[in-house]
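Student: The following block contains the structure, expressed as structure tokens.
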């Protein structure tokens, strides 16, 4: 069981990263930094609907997020239809908690509108290369993160579902996504049943760089992070134990190495090309 962090921003960051720097504490009427430091992922929800008007309001707030060059290449699909929701939930039999979420949304990259503008304005679309896909994907990711913050500030809990890309073609068909529109991630949404869990992150010395990228002491720092994860947030089960055996301790680096030792979304590039993107 993970230890609960203290309430000061310094202690919250120290718990999250293990090596927090001196902090600038928020003022009494601005607790945004403290909220971000202590935010939790929620996979268990109360049997209580989320008002559709609230979901739309949160979506509108999220769509206020920054977007590359004001191109606005991101859309949100709110899945309300029970039959459609059932078909999407069925794609995740190993994660039955997804089906118990009162609301489900899919965040999409949309490069289609930009191409339509070129057609309507009789202008050539000359940037038909990887950046067209990448910009739309980044825009969708920014909106997803903004929605998460907006939802949690409203008292809701949520969890992004990157596994929609495991079934990108099927999700695309179910949602009727046309060419140059693609799913980036799903999101479960509901009123939390329980406190959720604060996920420990890699030390800031690994992921926060000053002036130049550095990997100094990387192996030792990840070893220390593994030990900390194993102590405070041990994995409930070991991935692919039948093939790779069990380890003690079993921690983050071993779990991630096992995860990507197996093919995952190897067909995603083909799917993206099938939606009309060139990835040159």
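Student: Could you run through segment 31-51 and say how many residues are under 11 Å from residue 189 (Cβ atoms) and surrounded by 18 or more Cβ atoms within 10 Å (Cβ to Cβ)?
Tutor: Within segment 31-51, residues that are under 11 Å from residue 189 (Cβ atoms) and surrounded by 18 or more Cβ atoms within 10 Å (Cβ to Cβ) number 3.
Student: Would you check which residues across segment 52-71 are surrounded by 15 or more Cβ atoms within 10 Å (Cβ to Cβ), farther than 16 Å from residue 108 by Cβ and touching a helix residue (DSSP H, G or I) at 6+ places or on another chain (Cβ under 7 Å) and list them?
Tutor: Correct list: 58, 61.
Student: Would you say residue 178 is in contact with a helix residue (DSSP H, G or I) (Cβ under 9 Å, 6 or more places away or on another chain), exposed (fewer than 13 other Cβ atoms within 10 Å of the Cβ) and under 30 Å from residue 73 (Cβ atoms)?
Tutor: Spelling it out, residue 178 is indeed in contact with a helix residue (DSSP H, G or I) (Cβ under 9 Å, 6 or more places away or on another chain), exposed (fewer than 13 other Cβ atoms within 10 Å of the Cβ) and under 30 Å from residue 73 (Cβ atoms).
Student: So which helices (runs of 4 or more DSSP H) stay within segment 230-280 end to end and still have 1 or more residues that are under 20 Å from the mean Cα position of the chain (by Cα)?
Tutor: The helices (runs of 4 or more DSSP H) meeting that bar are 252-259, 268-274.
Student: Quick check on segment 139-157. Is at least one of its residues more than 26 Å from residue 44 (Cα to Cα) and outside any loop (DSSP other than H, G, I, E, B)?
Tutor: Yes, some residue in segment 139-157 is more than 26 Å from residue 44 (Cα to Cα) and outside any loop (DSSP other than H, G, I, E, B).
Student: Collect the residues in segment 30-69 that are closer than 14 Å to residue 155 by Cα, in a helix (DSSP H, G or I) and in contact with a strand residue (DSSP E or B) (Cβ under 6 Å, 6 or more places away or on another chain), keeping them in residue-number order.
Tutor: Once the filter is applied, which keeps residues that are closer than 14 Å to residue 155 by Cα, in a helix (DSSP H, G or I) and in contact with a strand residue (DSSP E or B) (Cβ under 6 Å, 6 or more places away or on another chain), segment 30-69 yields only 55.
Student: Return the only residue of 85, 74 being over 16 Å from residue 161 (Cβ atoms), modelled with pLDDT of 95 or more and surrounded by 15 or more Cβ atoms within 10 Å (Cβ to Cβ).
Tutor: 74
The values are calculated or read from the model by the stated rules, or taken from the named source; none is laboratory data. Keep in mind that this is a model prediction, so the values were computed, not measured. For neighbour counting, all protein chains shown are included, and Cβ atoms are generated from backbone atoms with ideal geometry for every residue, glycine included.
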